[in-house]
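Here is the structure we will look at, set down as structure tokens.
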Amino acid sequence: MTRPWFETIFDERYPDLFAPLEGDAEEEVEGIHGFLSLPAGAAVVDLGCGRGRHAVPMARRGYRVTGVDISDTMIRMARKYAEREGVEVEWVQEDMRTFCRRGAFDLVLSLFTSFGYFSDAENQAVLDNIGNSLRKGGTLLLDLRNAGKGLSRLEDQDKTIGVPLGRLRMSVRFDRRTMRAKAEHTLERADGIRISSAFDVRIYSMEELMEMLGRAGMEVKDFYGSLTGDPFTDESTRMVTLAIRTGF
Ligand SMILES: C[S@@+](CC[C@H](N)C(=O)[O-])C[C@H]1O[C@@H](n2cnc3c(N)ncnc32)[C@H](O)[C@@H]1O
């Protein structure tokens with residue numbers, strides 16, 4: 001049986017293909033830290049933590065951090081990063097569709113579009129796990145692309161940008177029937193080597209997210225245009241949902 005895309009593309013190629021699109025994680029963590037006023041030593045889980053871009057700087061600020069990712073390659077990179085930085089992070093290689101620790105966390109982070117990869121029922125299960133893993137009053141920060149703008153304007157897009165390693169071609173095919181975006185990234189390196197990967201992500205509207213989060217015992221406080229709490233506008237690149245665990 002072929003493995004689903006999200007089990008295969010997050011490997012050694014990922015940083016070359018996606019780093020040019022990433023924000024500065026140190027700045028983002030500084031923003032989160034200032035924006036949320038978390039208690040000192042708060043318990044934080046980064047779901048789909050990748051190579052620890054945010055988990056490590058969060059740990060450096062004294063938070064008790066758990067990083068969860070399905071990819072052994074990403075967890076290996078994250079572990080090395082934490083070792084280099086001399087910080088303690090608990091790394092867990094697990095599927096976010098099953099990861100759940102009742103009431104264990106003050107903050108759940110889901111950053112740089114690490115949500116929406118599965119069927120609607122499975123995406124809801126991820127939110128249910130998040131709701132169950134948060135203590136009452138705990139916070140979820142869900143960082144997704146703004147579906148109303150740019151590459152994800154709910155329509156097909158093709159774009160090529162120059163990146164340090166060569167040229168990065170990005171194509172998005174949006175299916176209005178399934179509300180899923182299939183994005184293909186191809187890096188044509190200056191040395192002639194081509195690497196590519198393809199994403200398939202469900203694009204949720206604000207209304208859908210509010211409903212799904214409500215079902216998972218969370219209440220949306222607001223939508224922001226960045227991880228630092230900038231107001232959300234049609235032109236925002238990101239759509240950051242801040243939700244609080246209420247109760248069932
Ligand atoms: C777009 S990357 C973002 C990584 C990280 N949040 C960042 O900002 O660099 C999504 C991450 O989710 C992980 N992932 C994909 N499917 C997953 C699953 N079912 N359970 C847990 N992690 C998963 C991938 O391995 C990858 O590291």
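Throughout, read-outs are computed from the coordinates displayed, never taken from laboratory work. No experiment lies behind these values; they were computed from the predicted model shown. Glycine also receives a Cβ, built like all others from the backbone with ideal geometry; neighbour counts cover every protein chain displayed.
Among the residues of the range 24-48, the ones that are surrounded by 17 or more Cβ atoms within 10 Å (Cβ to Cβ) and in contact with a Phe, Trp or Tyr (Cβ under 8 Å, 6 or more places away or on another chain) come to 7 in all. Across the range 144-159, a minimum of one residue is classified as closer than 17 Å to residue 47 by Cα and within 14 Å of the ligand (Cβ to nearest atom). With respect to being more than 21 Å from residue 101 (Cα to Cα) and within 12 Å of the ligand (Cβ to nearest atom), residue 36 falls outside the description.
Considering only residues in the range 95-130 that are among the aliphatic types (A, V, I, L, M), more than 8 Å from the ligand (Cβ to nearest atom) and assigned to a strand (DSSP E or B), the one that is surrounded by the most Cβ atoms within 10 Å (Cβ to Cβ) turns out to be 108. Scanning the range 170-194 for residues that are β-branched (Val, Ile, Thr) and part of a strand (DSSP E or B) yields 172, 186.
Residue check: residue 170 meets all listed conditions (1) touching a strand residue (DSSP E or B) at 6+ places or on another chain (Cβ under 7 Å); (2) more than 16 Å from the ligand (Cβ to nearest atom) but one, namely (2).
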